[in-house]
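The values are calculated or read from the model by the stated rules, or taken from the named source; none is laboratory data. Bear in mind the structure is a predicted one, so any value in this text is a computation, not a measurement. Here the Cβ positions follow ideal geometry from the backbone for every residue, glycine too, while neighbour counts run over all protein chains shown.
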Amino acid sequence: MLEVIHVRKEFRDGRQIITAVNVDNLVVETGEQLALVGPSGSGKTTLLHLLSGLLTPTSGEIKYNNIKISAMPERWRDTWRSHTVGYVFQKLNLLNSLTILDNLLAAMSFSDAIDKQDQLAWASHLLDQVGLADRLHSFPRQLSMGEQQRVAIARAVVNRPWLILADEPTASLDQANGQRVLALLRQLAKSSNSTLLVSSHDSQIIDQFQRVVPLRQVNTHAAYHSLA
């Protein structure tokens, strides 16, 4: 279970303090899938970074299965993230110097979730699941944007994470490819009973989720409204 309790994240901009995220209370059950929505600048990416431990809150607590992530030293958060979190970044962050197979193998090198002797077979299996079995030795630059998104999803789930965070995973895709990518991401999360949070401002994506958590921007501040 993921818990966000009175979390606030502030940044300094010259003499001004900007509140990027202000979450009163959010509880996400294990295996739940939800959409985090709001316009550009409403704090969606910042909140995902907080949930993954890439950032720490200015105040409040973030807990995952009663482990207080927000209070961990950075080194411990890095270790926790490598074992627990799969992240689909908005800019993908694929390693262009590596083949797509090696991108997945590199991700597994930071975790012991998959036995070393099984890693090659598991990475190949995942790329087959996302429809890229014939592109294992291709480099990211040789793939279409939709194919690169599928690689990013495979990389995010390669360590069988408990928590999957996807930041605008369909933003650079046309409608048809966006729907395919979202369906694939939800299917892979469901098969491993992973908790899934997807940020988006696309109504066609948002409408597919039973639970939606809205973020809205108020002037230079982002405010969270808790749902019952």
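For this structure, a couple of remarks:
- Enumeration of residues in the range 147-185 that are touching a Gly at 6+ places or on another chain (Cβ under 6 Å) and small (Gly, Ala, Ser): ALA156
- Residue ID - modelled with the highest pLDDT, chosen from residues in the range 1-27 that are surrounded by fewer than 19 Cβ atoms within 10 Å (Cβ to Cβ), of a type in the set (D, E, K, R) and part of a strand (DSSP E or B): GLU3
- When restricted to residues that are surrounded by 20 or more Cβ atoms within 10 Å (Cβ to Cβ) and touching a Lys or Arg at 6+ places or on another chain (Cβ under 9 Å), the range 186-200 contains 5.
- Candidate set: the range 28-50, residues that are of a type in the set (S, T, N, Q) and modelled with pLDDT under 90; chosen: the one surrounded by the fewest Cβ atoms within 10 Å (Cβ to Cβ): SER40
Residue-by-condition table, conditions (1) touching a residue at least 40 places away in the same chain (Cβ under 8 Å); (2) under 28 Å from GLN208 (Cα atoms):
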residue	(1), (2)
MET1	yes, yes
ILE18	yes, no
VAL23	yes, yes
LEU26	yes, yes
GLU29	yes, yes
GLU32	yes, yes
ILE69	no, no
GLU74	no, no
THR84	yes, yes
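- Residues that are within 18 Å of the chain's Cα centre (by Cα) and among the polar types (S, T, N, Q) were ranked within the range 97-156; the one that is surrounded by the fewest Cβ atoms within 10 Å (Cβ to Cβ) is SER111.
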